[in-house]
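In what follows, a structure is listed as structure tokens, so that the remarks can point back to it.
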There are 2 protein chains.
Amino acid sequence: MHAAPALPPGSPRRAPLWRHLLGDRLRSARHRRGETLGEVAGRAGVSPQYLSEIERGLKDPSSEMVEAIAAALDLTLVDLIREISRLLLAPGPPRAGQATESVIAFALAA
Amino acid sequence: MHAAPALPPGSPRRAPLWRHLLGDRLRSARHRRGETLGEVAGRAGVSPQYLSEIERGLKDPSSEMVEAIAAALDLTLVDLIREISRLLLAPGPPRAGQATESVIAFALAA
DNA sequence: CCAACGCTCTGCCATCAGCAGAATCGAGCG
DNA sequence: CGCTCGATTCTGCTGATGGCAGAGCGTTGG
């Protein structure tokens, strides 16, 4: 896997990459269940170190890996994508009720 | 990138993988614009052969590649994910108005 | 203090992402 | 019909990275 072509100069990267969005959701789901990297990774059949890397958006996992980890969290890929999409529907400043959950999720993920 | 652990026996793979969903959407978007692999690949800075592979779900592209290809289609990753999610919201049999567009999109993709 | 736990860091290598050249296919034309 | 051309897919290759094992770090509780 090779690095993508560089963006034009003066075009700082603002939008998150797929691996960032994915990783955030996976970590969020894991924390929601109150489980450790070891527990989820064990069920998914991957190493805890690797799951950590994926959650932090450091690695682009294969599609099969994504499937396996989602399953270990009792999710499907469809669930994941929908959840990412739903969060993307609220790009503006946080609002009262909706933002509370997001803020907590972020605090737990940090 | 290594193969994921095998699924338990007696569990045939039914759900599409991420690379399949992604590839379908990218090809659909390209056809909607009436463009060739060469044109889009050129703007994205990748080879037409590789874009073909991605569209057919043969390769798991890096997140940066996904970004570059989406941009070449005047889309963002957010657009792509939303579109995939929207399509996933209609898993049942096609209905009159909604299905027409899907059928056309599939026919163009074939 | 030390052990246990959860997570991240570091270094490694087998696999595959990404590609160049070749092959195939279908449409259009003389 | 044969030929040309453009679009797409096939094939083989290699450098980069996905995925991992061992080590390191911080926190907590006895």
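Structure values in brief
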item: Distances in nm from A:Gly45 to the matching label points in the other copies, shortest first (labels 7 Å along Cα to Cβ); result: 3.7
item: The stretch B:23-85, relative contact order in percent, only Cα pairs under 8 angstrom and at least six apart counted; result: 37
item: 1.4 Å probe accessible area per residue over the stretch B:23-85, in Å²; result: 39
item: Other-copy label distances relative to A:Asp79, 7 angstrom Cα-Cβ extension, nm; result: 3.1
item: Accessible area buried between chains A and B, both sides summed, probe 1.4 Å, in Å² to nearest 100; result: 2600
item: In Hz, Karplus ³J(HN,Hα) per residue of the stretch A:52-64 (6.51, -1.76, 1.60; θ = phi - 60°; x = Gly, Pro); result: 4, 4, 5, 4, 8, x, 8, 10, 9, x, 5, 4, 5
item: For the B-to-A rotation axis, chain B residue with nearest beta carbon and its distance in angstrom; result: B:Ser85, 2
item: Within the accessible area of the stretch B:23-85 (1.4 Å probe), percent carbon and sulfur; result: 49
item: Calculated label separations, A:Arg56, copies of the chain, 7 Å along the beta-carbon direction, nm; result: 3.8
item: Rounded D (µm²/s) - the stretch B:23-85, Kirkwood Rh over Cα pairs, Stokes-Einstein at 4 °C, 1.567 mPa s; result: 115
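The values are calculated or read from the model by the stated rules, or taken from the named source; none is laboratory data. Owing to the predicted nature of the structure, the values given are computational and were not obtained by experimental measurement. Don't worry about glycine lacking a Cβ; one is built from the backbone with ideal geometry, like all the others, and counts go over all protein chains shown. The accessibility values were calculated without ligands, DNA or RNA, using every heavy atom of the protein model including side chains. Shrake-Rupley method; radii C 1.70, N 1.55, O 1.52, S 1.80 Å.
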